[in-house]
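Encoded as structure tokens, the structure appears first; notes follow it.
The values are calculated or read from the model by the stated rules, or taken from the named source; none is laboratory data. Only a predicted model underlies this, so the values are computations on that prediction, with no experimental measurement involved. Ideal geometry is used to build each Cβ from the backbone, glycine not excepted, and the neighbour counts take in all protein chains shown.
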Amino acid sequence: MRLDSRYLRGNTCTAKMNLLAVVAVALCAFAPSAHCASETIAWCYHEPSCNDSTWSTIAAPYCNGTRQSPIDIVSARATENENLTDFTFKGFNNTNGLDYIKNTGKTVKVVFTEGIQISGGDLSESYDSLQFHLHWGNGTSTPGSEHTVDGKRYPMELHIVNSKSSFKRNTTLAVADSEGLAALGFLIEELPGTKNQPASWKTLTSYLSDVSLAGQKTRIKYRISLDDLLSGVDRSKYYRYLGSLTTPTCDEAVVWTVFKEPIKISKNLIDLFSTKLHIGGTPYSPLMVNVFRGIQPSQPVSTQPSCTKPHHRLTNWFKLGLLRGKK
């Protein structure tokens, strides 16, 4: 999971030069107009000098923290939590809600217009939806989801990044709060025997050729919504844990929701992400492949109670009825 520089406020780096470097990292990691700490942290996915094995050193202290993401979710160990209710997805049906798509040099992200929110799901308040981005391997042959489930890694993973509505889209404040961000993780698997499906993902991937080089971005002109991209996924079934951003500065400020059902996409569309995008500003730069962080130490994971297990209130009501019947 990455943050979007569009939502960081203020030139904190130049105004607060006397702060500790770690504070500068936390506040300015993604500022659009300042020379900030994360820009001086030359992190990457592939080179031995800057890949994720080095992040705990080059992006300390958060990248070597105690609640890092991603993790392997062991379904049998997930504890049941009755508070994990359904989400309310405001604006997910807005076909004008996707503003633009950009190649960041590390991933491709889609930035939203304002007015998209999530609430419910045992979140402490509503959260404003800011952007989504993706992680992948090298086509369907080399899976690249960040989270794994029972040891299985999926071809891709989509992260929708949300910040507490009370912070008014200010992610500087959000990363300073242990639950300031909420990330929705959707695993992506191959839809076998098909091509160019679903239609919404064919539309989305049609923009990849316009952002093939790092730094390029383009407006999303065709009408497409988040609901379109998430079609077929049961969003009432999910795992929950407290974790972090999955890229430097790895701030431990994220309420993670990983949905149990994957998005299903045709192989040819999945393969486009590892064949159309470059990590540099020229077509001769390497292709963007294997853009995911390795699995981190496990965290406590919860999920909804099983439907096959009687709800305790219903069970108590049934027992009470039996007792009354004996009178």
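Quick notes on this one:
- Taking the criterion of being assigned to a strand (DSSP E or B) and touching a Gly at 6+ places or on another chain (Cβ under 9 Å), the only residue of the stretch 137-149 that qualifies is N138.
- Qualifying positions in the stretch 209-232 - closer than 17 Å to K264 by Cα and either charged (D, E, K, R) or surrounded by fewer than 18 Cβ atoms within 10 Å (Cβ to Cβ) (or both): D227, D228, S231, G232
- Filtering the stretch 106-136 to residues that are outside any strand (DSSP E or B), touching a Leu at 6+ places or on another chain (Cβ under 9 Å) and either touching a residue at least 40 places away in the same chain (Cβ under 8 Å) or of a type in the set (D, E) (or both) leaves T107, I116, G121, D122.
- Leading residue by the ranking (surrounded by the fewest Cβ atoms within 10 Å (Cβ to Cβ)) among those in the stretch 114-173 that are under 30 Å from S274 (Cα atoms), among the hydroxyl-bearing types (S, T, Y) and more than 17 Å from the chain's Cα centre (by Cα): S141
- Some residue of the stretch 150-169 being out of contact with any Gly (no Cβ under 7 Å at 6 or more places or on another chain), modelled with pLDDT of 95 or more, assigned to a loop (DSSP other than H, G, I, E, B) and under 27 Å from A42 (Cα atoms): yes
- Check on K90, free of Cβ contacts under 8 Å to residues at least 40 places away in the same chain and closer than 19 Å to F186 by Cβ: yes
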